[in-house]
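Encoded as structure tokens, the structure appears first; notes follow it.
The values are calculated or read from the model by the stated rules, or taken from the named source; none is laboratory data. Just so it is clear, the model here is predicted, and its values are computed rather than measured. Backbone-built Cβ (ideal geometry, glycine too); neighbour counts: all protein chains shown. Quick note on the areas: whole protein, heavy atoms, side chains included, nothing else; ligands and nucleic acids left out. Shrake-Rupley method; radii C 1.70, N 1.55, O 1.52, S 1.80 Å.
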Amino acid sequence: MSYHSYALGRPSSGKRRVKDLLVQRDNRVCADCNAPDPKWASANIGVFICLKCCGVHRSLGTNISKVLSVTLDEWSDDDIEAMIEVGGNASANSIYEAYIPEGVTKPRPDASHEQRSKFIRSKYELQDFLKPSLRITSTSKKNSLQVSLSRKIMDSFRSSSSSQKSDGMVECIGMLKVKVIKGTNLAIRDMLSSDPYVVLNVGKQKTQTTVSKSNLNPVWNEELMLSIPQNCGSIKLQVFDYDTFSADDIMGEAEIDIQPIITSAMAFGDAGMFGDMQIGKWLKSHDNALIEDSTVNIVDGKVKQELSLKLQNVESGELQLELEWMPLEQ
């Protein structure tokens, strides 16, 4: 489809494609604070953001972030192309939040302007969370800063899966999409219920679901994206109860061994060449959180694995997840 159809106002417009991108699950919350139903975008970065984060993005200047309304503003062909090529929040955050250091957390939807501004500036302007190989140290040409960064990031999306060390850190070998489906019989941490959310950690990356208010059997159906470094053995999963006026309470945890899905996927190569079949398995044992054996399967040309986990170090609670391995060249 020609992007010029947008300028001519035809039904198959590029702007329609941006709206279609917005309704995808990963893009239904703000890329920076997880507020629901974002209606703004940073076109050159490729993320959807909420109104509060939009204000911070505007303060960065258009050389860093070009903010547009999904519904109100006119979009150029270049803006549309850039947005669609990145693919939205999950893909962009896998790069911009690749190395969030210990002690730094994403702002929540109710965060103060100061908290929001500090995180967003660190993320996009200072490039604190990027892979070292993507950081741009020279700012002598401010107008070309984000253009150069975007080009390097897009090159990263298209790169092969060869692993190299940079500044002591290991390049990622692929992406793992973790679909947090639901929780069952979660622990009570408030008077009668809990406000649970799930946090995933691998290396210095951290990502989390939205908070499910007053629900011990929440259904999230949220997809979280993680970039996976070489020799990564497991993902740490934790469930917390959100508290407004005190520290969030732990509601259980589990370790997810991702070697079965990685080794199986790499052994078979291009999964699209095969029909639906089982290619691997993670076995239930006394020292893991599996409720039952978990198989790795090729389904519709994708490598996937369903997991049922019993949360550890807590009185009750189970989680159902689905993993999908995405090689870098995909």
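Between Ile173 and Ile228, Gln230, the built amide H atoms are under 5 Å apart, and every one of these is 5 or more places off in sequence or on another chain.
Charge tally around Ser193: other residues with Cβ under 14 Å, Lys/Arg +1 each, Asp/Glu -1 each, net -3. Spacing of the modelled spin labels on Asp293 and Ser246, each 7 Å from Cα toward Cβ, amounts to 4.5 nm.
Each Lys or Arg adds one and each Asp or Glu takes one away; over the other residues whose Cβ falls under 14 Å from the Cβ of Lys304, this sums to -2.
Charged neighbours of Phe240, selected by a Cβ distance under 13 Å, balance to -3 (K, R count +1; D, E count -1).
By a 1.4 Å probe calculation restricted to protein chains, Ser59 has an accessible surface near 70 Å², given to the nearest 10.
Considering only protein heavy atoms and a probe of 1.4 Å, how much of the accessible area of segment 199-319 is carbon and sulfur, as a whole percent? Don't skip to the answer; put the middle values down first.
Values: 2770 of 5940 Å².
About 47 percent, which is the carbon plus sulfur part of the accessible surface.
Think of a 1.4 Å ball rolled over the protein heavy atoms: segment 249-330 then has 51 Å² of accessible area per residue. Residues Glu292, Glu322, Glu97, ordered by accessible area of protein heavy atoms at a 1.4 angstrom probe radius and largest first, appear as Glu292, Glu322, Glu97. Applying the Karplus relation 6.51 cos²θ - 1.76 cosθ + 1.60 with θ = phi - 60° to segment 85-91 yields 3J(HN,Hα) values of 5, 5, x, x, 5, 4, 5 Hz, where x marks Gly and Pro. Amide H to amide H, with H built 1.01 Å from N, Arg189 comes under 5 Å of Ser194, counting only residues 5 or more places away or on other chains.
Beyond a 21 Å Cα-Cα separation, which of these cross-linked pairs lie in this structure: Lys177/Lys302; Lys106/Lys204; Lys118/Lys204; Lys39/Lys179? Among Lys177/Lys302; Lys106/Lys204; Lys118/Lys204; Lys39/Lys179, the Cα-Cα distance tops 21 Å for Lys39/Lys179.
Just the ratio, please: alpha-carbon radius of gyration of segment 200-283 over 2.2 N^0.38 Å, N its number of residues. Compared with the compact-globule rule of thumb, segment 200-283 sits at 1.39.
Ordered from largest to smallest accessible area (heavy atoms of protein chains, 1.4 Å probe), the residues Met277, Met326 come out as Met277, Met326. Percent of alpha carbon pairs in segment 13-137 separated by more than 21 Å? That fraction is 33 percent.
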